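Undergrad: The structure that follows is given in the form of structure tokens.
The values are calculated or read from the model by the stated rules, or taken from the named source; none is laboratory data. In this text, all values refer to a predicted model and were calculated from it rather than measured experimentally. As a convention, Cβ positions derive from the backbone with ideal geometry for all residues, glycine included, and neighbour counts pool all protein chains shown. Quick note on the areas: whole protein, heavy atoms, side chains included, nothing else; ligands and nucleic acids left out. Shrake-Rupley method; radii C 1.70, N 1.55, O 1.52, S 1.80 Å.
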Amino acid sequence: MKFLLLMCLFQFHVIVIQQCGAMLHPIDFLALQAIRKTLNDLPGSSFFASWDFTSDPCSFAGVYCAGDKVIALNLGDPRAGSPGLIGRLNPAIGKLSALAEFTVVPGKIFGALPESFSQLNNLRFLGVSRNFLSGRIPAGLGKLRRLQTLDLSFNQLTGNIPWAVGTLPALNNVILCHNHLSGSVPPFVSLRLTRLDLKHNALSGSLLPMSLPSSLQYLSLSSNQLTGPVDHLLTRLNRLNYLDLSLNRFTGCIPGNLFRFPITNLQLQRNQFTGRIYPAGLVTIPVVDLSFNRFYGEISPLFSGVQILYMNNNRFMGQVPGIMVDRLLSANIHVLYLQHNFLTGIAINPAAEIPVRSSLCLQYNCMVLPVQTPCPLKAGKQKSRPTAQCGQWKG
């Protein structure tokens, strides 16, 4: 009876809409009505003001049609600072069979992502970020073989990343950062994948050498609980321009060819990486952070091309390369943090003036500091490492 009543109401609306020269497919019309019933504007938003079902739904804000089908649904005012929407995503979304794009602006959408999304075989873009989605990522998303972008970042999602999602062949962007996801990182097979952002979750386990495609340009796995070596994996990812593996438990060495990749920002800090570092050539990555690891050996002069370099809290030993000192004094190196290592000397004139825009920190090494420079508060107050420690550590 309820369905018959809805159809009668729809037929009435069709007559009105036909007078305006347009008609939406009945299933899409009813789906939009259902979607509207479980969502509302937050105070200050007037997005749904145009959603008058006595008029053509294809003229509604955020609704885009081709023929009698909805092909894109962008819910909420996209202007910066707009309040967004509140409510739940209705499973009726799965009835929009031609839908290629679905987005929701930041707001207070809560509840689970409906399983019915798996019915949207034409979906290419799914973006619901900075809301309050909870529950698991539906495994059925692995059926969306045309999906190119999946952005569910900054929500409260839990559970594993479905392995079926990793099998999607057309993926370009996967952005699932700032959730509560757990389990391992599934292998991704798409040779079109350029961005993978999984930072700030609770992911664990190790990464297999072939688990990520060489097409990646942006990779962020920061702030998880990932373990194991990554050297064989990284060697393959020679198109990377951004890499952040910080705040995990990765182990093993770092391949020297990594420093030749077109990376502009390299974040490897706060892991358990070890070994000596031998860059394959002059390192010209603007920002390199290797701090809080277990690297040892002498510092390579090939790092003199870096502008912001953090090598503190490792086990480096020997002399600071002279070319690094020269580039620091000429303001080509802006930050050189070497504190908390086992370095034994630096060739710098005690009367030398460090440029105002450059920072040097040397404290807690195996040497008497030739120059006094301001260090971050976290470096502590001790200027030099105890002699007993320096005699024991040989790298």
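Undergrad: Taking into account only those residues within the range 166-210 that are hydroxyl-bearing (Ser, Thr, Tyr) and within 24 Å of Thr264 (Cβ to Cβ), which is least open to solvent (accessible area, probe 1.4 Å)? Full working, then the answer.
TA: Within the range 166-210, the subset hydroxyl-bearing (Ser, Thr, Tyr) is 167, 182, 184, 190, 194, 204, 206.
Narrowing the set further to residues that are within 24 Å of Thr264 (Cβ to Cβ) leaves 190, 194.
Numbers: Ser190: 3, Thr194: 44 Å².
Among residues in the range 166-210 that are hydroxyl-bearing (Ser, Thr, Tyr) and within 24 Å of Thr264 (Cβ to Cβ), the one least open to solvent (accessible area, probe 1.4 Å) is Ser190.
Undergrad: Next up: Which is more than 30 Å from Pro138 (Cα to Cα), of a type in the set (Val, Ile, Thr) and touching a Cys at 6+ places or on another chain (Cβ under 7 Å), of Thr251, Thr274? Show your work before the answer.
TA: On the way: Thr251 fails: touching a Cys at 6+ places or on another chain (Cβ under 7 Å).
Just a single option satisfies the conditions, and that option is Thr274.
Undergrad: Need the failing condition index for Leu282 against (1) assigned to a loop (DSSP other than H, G, I, E, B); (2) touching a residue at least 24 places away in the same chain (Cβ under 8 Å), just the number.
TA: (2)
Undergrad: Please find, within the range 81-137, the residue that is farthest from Ala31 (Cα to Cα) out of those that are open to solvent by 40 Å² or more (accessible area, probe 1.4 Å) and at pLDDT below 95. Don't jump to the end; show me each part of the working.
TA: As a first pass, look at the range 81-137 and keep what is open to solvent by 40 Å² or more (accessible area, probe 1.4 Å): 81, 83, 86, 88, 91, 95, 97, 101, 106, 108, 110, 112, 115, 119, 121-122, 124-125, 130, 132, 134, 136.
Within this subset, residues satisfying the condition of being at pLDDT below 95 are 81, 83.
Values: Gly81: 28, Pro83: 24 Å.
In this case the residue turns out to be Gly81.
Undergrad: How many residues are touching a strand residue (DSSP E or B) at 6+ places or on another chain (Cβ under 7 Å), assigned to a loop (DSSP other than H, G, I, E, B) and closer than 18 Å to Ala164 by Cα when one looks only at the range 97-144?
TA: 5
Undergrad: While we're here: Taking only the range 57-88 into account, find how many residues are in a strand (DSSP E or B) and out of contact with any Ser or Thr (no Cβ under 6 Å at 6 or more places or on another chain).
TA: Taking the range 57-88 as the starting set, the residues that turn out to be in a strand (DSSP E or B) are 63-66, 69-75, 85-87.
Checking the rest, the ones that are also out of contact with any Ser or Thr (no Cβ under 6 Å at 6 or more places or on another chain) come to 63-66, 69-73, 75, 85-86.
Within the range 57-88, residues that are in a strand (DSSP E or B) and out of contact with any Ser or Thr (no Cβ under 6 Å at 6 or more places or on another chain) number 12.
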